[in-house]
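Throughout, read-outs are computed from the coordinates displayed, never taken from laboratory work. The structure displayed is predicted, hence computed values, not measured ones. Here the Cβ positions follow ideal geometry from the backbone for every residue, glycine too, while neighbour counts run over all protein chains shown.
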Amino acid sequence: MNKKVFIKTFGCQMNEYDSNRIYESVAKIGFEKTEILNETNCYILNTCHIRDKAKEKVYHEIGRVKKNFKFKKKPLVIIAGCVAQAENREMIKREPYIDIVIGPQSYHKLNDAILKNIRKKEREEETDFDTLLKFDYFDKIKNSDNKISSYLTIQEGCDKFCKFCVVPFTRGPEYSRSFYKIIDEAKQLIKNGTREITLLGQNVNAYNYKEEHKHFKLSDIIMELDNLPKIKRIRYTTSHPIDMSEDLIECYTKSKKLVPFVHLPIQSGSNKILKLMNRKHTVENYLSTYLKLKKINSKIEFSSDFIIAYPGETEKDFYCTMDLVKRIKFINSYSFIFSPRPGTAASSLKLIDQKIAKKRLKLIQEELFAHQKFKNKMTENKIVNVLVENKISDQSKFFGRTEYMTPVIFESEKSVEGEIVPVLIKKSNQNNLFGEIKLSKNIEAA
Ligand code: SAM
Ligand code: SF4
Ligand code: F3S
C-alpha cells in the first residue's frame, strides 16, 4: 500500500512544530507526507482549544473529511493536539469516524497506535503526560525542517494556572528540554538551511534545565545560539512578564542576533483584573520591564495579547487597558473577547454583556491597528533589513520579514533567500510593507 499522511494544523506555533515532528515520526512506519487531502490514507487533525467553539470546529472538520471520502476508502482519522487532550475518550465515543485520539505529550506513542489500528482495527486514546519520554523519542529523530525561519520547542506546559486558560490542562506541567539536545537540534536546523530560529514554549522564559550542577536558562540558549555563525536571527515566544529575568534582559545588550522585538502578553491594563485572572504580575511590574528594555535599546518594540471583557471588567478597567495601549504603542498584538473554557476556574463566572464586550474589542483594536498602520507608514521611503524567506509565486518578488516580524514583499533581480538584505519601502498597509532591494547608503534606515 502507498501510505500517505495529511496533517491539518490549527492553533499556535507549537502545534506547527509538533505537526512537522509528527510527519517525521510517521515516516518511520512508511507514511509519506502529502498536501492533497484526497490521496491520504491517514488524516491527522492537530487541534487548538484556546478559544471559542474549539470542539465544534473539530467535529465540523471531521464532517468535511467524511463528505470528501464518501465514495472512497475511509482514511485513518487521528485527532491530536489540545482538544484531543481535553476531550480524550469522549471524542471516540461521540464520533465513530475517529480512530485515534492523542494528546500532545503522547506523540511518541502514535506509531504504535497506528500500527495497532491497522492490524486489529482497535480504536485508541492516548492522553498521558509523558513529556520526558516524548522528548527522548523525538531527540532520536532528525528534525528535517529546512525553512529559512524555523521553530524549536525548548519548553512545554505551564504551572501558572491563569484562571481563563486551558494550557496547563492540555499541555501539562512545565517541562524544560535538555540544553544540549536543544543545541544539537538547532545545529541540525542550521545544517538544513535555517537562518532564523524561534525558540518556543508556553512559558518560554520560564525555561529551566539542570544537569550535573549546571543550571541553564533561556539566556544561556540565546547566547549559545548567538555563537553559531550561520544563525542570523534569534526569537523566542511566548513569555510571561514575571519571568523576564535580569539575565534575559541583559541578552539584549550581549547578543548580536536577538531581535529587538519582545512579545510580552499582559492581558489587561487593570491590576484588579490581573489579580482576578491570577496573572501574578501587575501593570507596574510590566512597565518596569518595558522601561528597562527601552533604556537598553530604544529600538526594542513590543507586542502583546489582550483578553477583553474578562468577568468583572468595568468600563474603568477597560480604559486602564486602553491607557496602557496608548502608552506602550505595541506594534502588533492579539486581542480577543474572553472565551470561557471548560474545566478552567473562570469557566463558571458571569459573562459581561456581549454587546459591550464587542464594543470594547472594537475600540481596542482600532487603537492597536491605527498604531500598527502608523508604524508601517513611518517606514515608507526608508530602508529596512529583511531576512528573506522565499520567492513568491510571482517569480520576480521575494517574501521576508523585518526584525519586528512585519512581512515584506519586494522586488529583486538577484536570488537572495536566506540573506538579510536592505529593502527600500515604497508602500505599506496595516500588515505588510512593499518595496525593492536597495544597496544605496544615502537612505535613512528605519
Ligand atoms: N503563556 C502565555 C502568557 O502567559 O501570556 C500565553 C499563551 S496562550 C496559548 C495565548 C493567548 O491566548 C493568551 O495570551 C491569551 O491572551 C489568549 N487566551 C487564553 N485563554 C483565553 C480565553 N479563555 N479567552 C480568550 N483568550 C484567551
Ligand atoms: Fe495560559 Fe500563559 Fe497563563 Fe500559562 S501563563 S495559564 S499558558 S496564559
Ligand atoms: Fe492552542 Fe494548545 Fe497552542 S490550546 S494555542 S494549540 S498550546
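Magnitude of the charge dipole for the chain, about its Cα centre and with charges confined to Cβ atoms of Lys, Arg (+1) and Asp, Glu (-1), is about 1040 debye. So, in Å, what gap is there between the alpha-carbon centers of the range 60-77 and the range 206-220? Each part reduced to its Cα centre gives a spacing of 46 Å. Placing a pseudo-label 7 Å from each Cα along the Cα-to-Cβ vector at L133 and A345 gives an inter-label distance of 3.1 nm. Database remark: amide H of V386 closer than 5 angstrom to the amide H of V421, V423 (H placed geometrically; neighbours at sequence offset of 5 or more, or on other chains; Pro and chain starts carry no H).
Residue by residue, the range 181-195 carries 3J(HN,Hα) couplings of 5, 5, 5, 4, 5, 4, 5, 5, 4, 4, 4, 6, x, 5, 10 Hz when phi is fed to the Karplus relation 6.51 cos²θ - 1.76 cosθ + 1.60 (θ = phi - 60°); x denotes Gly or Pro. Global dimensions of the range 142-259 from alpha-carbon coordinates: Rg and Dmax equal 14.1, 43 Å. For the pair the range 318-385 and the range 264-309, the centres of their Cα atoms are 13 angstrom apart. Each residue, E250 and K414, gets one label point 7 Å from its Cα in the Cβ direction; the gap between the two is 3.8 nm. Across the cross-link table entries K358/K382; K57/K187; K217/K362; K191/K391, which are compared at the Cα atoms, the separations over 27 Å belong to K358/K382; K57/K187; K217/K362.
Grab the Cα-Cα distance for R327 and K187, subtract it from 0.36 nm times how many residues apart they are, and report the gain in nm with one decimal.
Extra length from R327 to K187 when fully extended: 46.4 nm.
If you plug the beta carbon distance of L287 and K358 into 1/(1 + (r/R0)^6) with R0 = 35 Å, you get a FRET efficiency near 0.80.
Hey, if you drop one equal point scatterer on each alpha-carbon of the chain and run the Debye formula without solvent, what base-10 log of I(q)/I(0) do you get at q = 0.06, 0.08, 0.10, 0.14 Å⁻¹? Values, matching the q order: -0.28, -0.50, -0.80, -1.49. Here r is the Cβ-Cβ distance between K120 and F71 and R0 is 30 Å; the resulting FRET efficiency, rounded to 0.05, is 0.70. If you wrap the Cα atoms of the range 310-431 in a convex hull and average its projected area over all directions, you get 10.4 nm². Antiparallel beta bridges, as assigned by DSSP with both residues in the range 142-259, represent about 35 percent of the total such bridges. Normalised by 2.2 N^0.38 Å, where N counts its residues, the alpha-carbon radius of gyration of the range 143-204 equals 1.29.
Applying the Karplus relation 6.51 cos²θ - 1.76 cosθ + 1.60 with θ = phi - 60° to the range 279-291 yields 3J(HN,Hα) values of 7, 6, 9, 10, 4, 5, 4, 5, 5, 5, 4, 4, 5 Hz, where x marks Gly and Pro. Full extension of the segment from D305 to N429, taken as 0.36 nm per residue of separation minus the current Cα-Cα distance, would add 42.5 nm. Each Lys and Arg Cβ is given +1 and each Asp and Glu Cβ -1; about its Cα centre, the range 3-130 then shows a dipole of about 740 debye. With helices as the sole contributors, the chain gives -11000 deg cm²/dmol at 222 nm; each DSSP H run of n ≥ 4 counts as -39500 (n - 2.57), and the sum is divided by every residue.
Dipole of the chain computed with +1 at Lys/Arg Cβ and -1 at Asp/Glu Cβ about the Cα centre; of I182, F138, P342, farthest Cα towards the positive end is P342. When both the range 119-150 and the range 83-100 are represented by their alpha-carbon centers, they are found 19 Å apart.
The charge dipole of the range 162-277, taken about its Cα centre with unit charges on the Cβ atoms of Lys, Arg (+1), Asp and Glu (-1) only, comes to about 400 debye. Straightening the chain between N208 and K28 buys 61.7 nm, computed as 0.36 nm per residue apart minus the Cα-Cα spacing. Taking θ as phi - 60° and the Karplus parameters 6.51, -1.76 and 1.60, the scalar couplings of the range 334-350 work out to 10, 9, 9, 6, 3, 10, x, 9, x, x, 8, 4, 8, 5, 9, 6, 6 Hz in sequence order, x denoting glycine and proline.
Comparing Q365, Y290, L274 along the charge dipole axis of the range 269-376, the residue lying farthest to the positive side is Y290, per the Cβ-charge model.
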